[in-house]
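Chemist: Here it is, the structure, as structure tokens.
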Amino acid sequence: MIRFAGILDPRGAHHPELLDRMAGTFDGRAKVISAGPVAVAWTGGGAGQVIVDDDTGVVVAMQGAPRLRDGATGHLQGRSLAREIAGLYVRNGQEILDRLQGDFALALVDPARERALLATDRFGVRRMHVAQRGDQVLFGTELTPLKAGLPDGGRLSPEALYRYLYFYAVPAPHTIYQDVNRLEAGHCFDWTPSRGELRRYWVPEFGSAGAFDPRVARERLFHALDRAVERVHASSSQVGAFLSGGLDSSVVAGLASRHGPTPCFHVSFDDAPFDESGYARRAANWFGLPLEETCLAADTAQDLLLRLSRHFDEPFGNSSAIPAALCAQQARAKGVDFMLAGDGGDEIFGGNERYVRQKLIARWETALPARLRRALASMPGGLQRGPLRRLARISALSERPLSERMLDGASVLDADPFDVLHPDLAAGVRAHGPVDDMQAYATGCPSDDWLYTLHYVDMKYTLADNDLRKVAAACDLAGVEFAYPMLDEDVVEVALSVPSDHLIRRLRLRHFYKNAVAGFLPSDIINKKKQGFGMPFSQWLAADPGLNKLAQDALADLEQRDIIAPAYIHMARSGLSEDNAAGLRGAAWDLVVLELWLKAHAPGAPV
């Protein structure tokens, strides 16, 4: 795919040495365009385009597969689409974003009018980074070129490190570097020589405007999903699909079978609780799809962990990136150039397990006076036996803000920065900032419905900041493109219109969605317990000699850096023993990933 980085300078200086330094981080020789206030370097091919439009003089740099909403121009691709976008930007300015669909990172520069627009798509499938360098603005699809363009080479951000320990990823707008921001999903940066303005151009609208008809909604959903899958098949030479055997990947793969050959790829495990190969085979047989199945062992996981640590431009601790990368690697070896993924369904159709817990809390808040809930929450531990223990737990959670309920179980939830970061870094970090940020984001939801609010938060923190980055990096490492049919605008429009009591009926997750796919999927897949692309990293860290040594060495090296509090490292290290609590291994994994990333990208750290 195309990668690009650029400089906006109000004086029109193009700074070839600076651009060369930024472009030097790309693989392969970069091409350069300079016009008016902008200079852009790019490399790669496939999804994207970089041009200067002959008619308008507008510079267009785009990564991904945007498309115009208009029926007359919705078919345009490549240079034709880029030229159309240039003309629309001249005529409509930043309002062009209201007419764009699909996944994209976009830079538009109009030299004649001395203005520029940087944007990312509605769901954050593609990424755009922005950094201020004096009166210049650096921008790009990758983080590393901007780091190279900063005078100090990019200093690690203590705030971002603190958030990484919460979320095992760095949520936007933060990045791991102090002076670089990442645009959040549905955001743009509007630039002129005298100012730069960040704004949100798209906000999800929840609820149905009129009476809700489940039958009509199901028909609309299937049509939209089928059209999204068909669009990928029509634009790619060889399409493949991730197939975990779960609900979403099975639906996507099944729809793909209607439009052409679609080899599917699955990772199995010898550890039975993590292995879903039976369901993957069931789905493949049901739709007559070829299935490539690979068993992931600890030594292969270790190799992929090291490769991913070099490939990610920020520390990223989601261990399911490893099986995703193995799937993408196997797909590329079979000639696949485009992978379909099922990500997004849980976050728009009510599929995450914590939604049930939140529904129970909502019921509890309605059924019991606040004074009685507080009494149960403060009940001494010795009295919490049998059903009382669960009631006390629900009561305690009901007293916490939504963000803390969602993060319940995180190893650093109640940790002060000084508990987890080295004192030299912790001093300037806002205590509980990650929780406060999530709560502030939840407050911005346009609906006060509890389930819609959870969807709203998950679309950012679970999808844009985590799962979408995982799949994108796994595919990029293998050299294949990717698409998420569940996040097609027409699919999301249907999902957001479904009333919350249809999304989860009683305690049945995905009630509407499961009814919609009944008959299309076998019932055992519809009713199976959700697993996803997880892997037994906790067991392997303790039991596999190779991974255990890698982890022990990484934690010892991390302790020398004066970044993480020594006591926190010691606690995490204790989880590497088979005799100790497996819960500590999550913290150990995140710290190991951090150290491996530092070795590859910031060997001289700390800040």
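The values are calculated or read from the model by the stated rules, or taken from the named source; none is laboratory data. Note that the structure is predicted; figures quoted are calculated from it, not measured. Positions of Cβ are generated from backbone atoms using ideal geometry, with glycine treated the same way; all protein chains shown enter the neighbour counts. Areas reflect the complete protein model, heavy atoms only, side chains present, ligands, DNA and RNA absent. Shrake-Rupley method; radii C 1.70, N 1.55, O 1.52, S 1.80 Å.
Chemist: Take the residues in region 65-87 that are small (G, A, S) and open to solvent by less than 50 Å² (accessible area, probe 1.4 Å); name whichever of them is modelled with the lowest pLDDT.
Modeler: G74
Chemist: Shifting gears a bit: Give me a count of the residues in region 26-44 that are open to solvent by 50 Å² or more (accessible area, probe 1.4 Å) and not small (G, A, S).
Modeler: Matching residues across region 26-44 total 4.
Chemist: Same structure, new question: Filter region 127-146 for residues that are under 19 Å from R469 (Cα atoms) and charged (D, E, K, R) and give the result.
Modeler: Within region 127-146, R127, E142 meet the criteria.
Chemist: Which number in (1) touching a helix residue (DSSP H, G or I) at 6+ places or on another chain (Cβ under 6 Å); (2) more than 30 Å from L117 (Cα to Cα); (3) not in a helix (DSSP H, G or I) marks the one condition that A211 misses?
Modeler: It is condition (1) that A211 fails.
Chemist: Let me ask something else about it. Restricted to region 138-155, and to residues that are of a type in the set (A, V, I, L, M, F, W, C) and modelled with pLDDT under 95, which residue is most open to solvent (accessible area, probe 1.4 Å)?
Modeler: Per the criteria, the residue is A148.
Chemist: I've got another one for you. Using the structure shown, decide if R430 is open to solvent by 20 Å² or more (accessible area, probe 1.4 Å), free of Cβ contacts under 8 Å to residues at least 12 places away in the same chain and either part of a loop (DSSP other than H, G, I, E, B) or under 28 Å from P323 (Cβ atoms) (or both).
Modeler: No.
Chemist: Which condition number in (1) touching a helix residue (DSSP H, G or I) at 6+ places or on another chain (Cβ under 6 Å); (2) modelled with pLDDT of 95 or more is the one that G260 fails?
Modeler: With respect to (1) touching a helix residue (DSSP H, G or I) at 6+ places or on another chain (Cβ under 6 Å); (2) modelled with pLDDT of 95 or more, G260 is out only on (2).
Chemist: What pairs come out if I take residues in region 275-295 that are farther than 18 Å from L326 by Cβ and modelled with pLDDT of 95 or more and pair them with residues that are polar (S, T, N, Q) and open to solvent by less than 80 Å² (accessible area, probe 1.4 Å) whose C-beta lies under 7 Å away, six or more apart or interchain?
Modeler: A283/S250; F287/S257; G288/S257; L289/S257; L289/T262
Chemist: Among the residues of region 46-64, which ones are modelled with pLDDT under 90 and assigned to a loop (DSSP other than H, G, I, E, B)?
Modeler: Those that are modelled with pLDDT under 90 and assigned to a loop (DSSP other than H, G, I, E, B): G46, A47.
Chemist: If I go through region 511-554 residue by residue, how many of them are open to solvent by 60 Å² or more (accessible area, probe 1.4 Å), assigned to a loop (DSSP other than H, G, I, E, B) and at negative phi?
Modeler: Here the count works out to 4.
Chemist: If I filter region 156-183 down to residues being part of a loop (DSSP other than H, G, I, E, B) and touching a Leu at 6+ places or on another chain (Cβ under 9 Å), which single residue comes out as surrounded by the most Cβ atoms within 10 Å (Cβ to Cβ)?
Modeler: Among residues in region 156-183 that are part of a loop (DSSP other than H, G, I, E, B) and touching a Leu at 6+ places or on another chain (Cβ under 9 Å), the one surrounded by the most Cβ atoms within 10 Å (Cβ to Cβ) is I176.
Chemist: Looking at A272, A253 in this structure, which one is farther than 30 Å from P603 by Cβ, touching a strand residue (DSSP E or B) at 6+ places or on another chain (Cβ under 9 Å) and of a type in the set (A, V, I, L, M)?
Modeler: That would be A253, the only listed residue that is farther than 30 Å from P603 by Cβ, touching a strand residue (DSSP E or B) at 6+ places or on another chain (Cβ under 9 Å) and of a type in the set (A, V, I, L, M).
Chemist: What about E314, is it open to solvent by less than 10 Å² (accessible area, probe 1.4 Å), among the acidic types (D, E) and out of contact with any Pro (no Cβ under 8 Å at 6 or more places or on another chain)?
Modeler: yes
Chemist: Pick out the one residue from A321, A331 that is crowded, with 24+ Cβ neighbours inside 10 Å, of a type in the set (A, V, I, L, M) and either more than 29 Å from M22 (Cα to Cα) or over 15 Å from the mean Cα position of the chain (by Cα) (or both).
Modeler: A331
Chemist: Which pairs do you get when a residue that is free of Cβ contacts under 8 Å to residues at least 60 places away in the same chain, found in region 447-469, comes within reach of a residue that is open to solvent by less than 20 Å² (accessible area, probe 1.4 Å) and assigned to a helix (DSSP H, G or I), reach meaning Cβ atoms under 8 angstrom, with the pair 6+ apart or on two chains?
Modeler: So the pair list comes out as T453/A442; V457/S403; V457/M438; V457/A442.
Chemist: Right, D557: more than 24 Å from the chain's Cα centre (by Cα) and either surrounded by fewer than 17 Cβ atoms within 10 Å (Cβ to Cβ) or at pLDDT 95 or above (or both) or not?
Modeler: Answer is yes for this residue.
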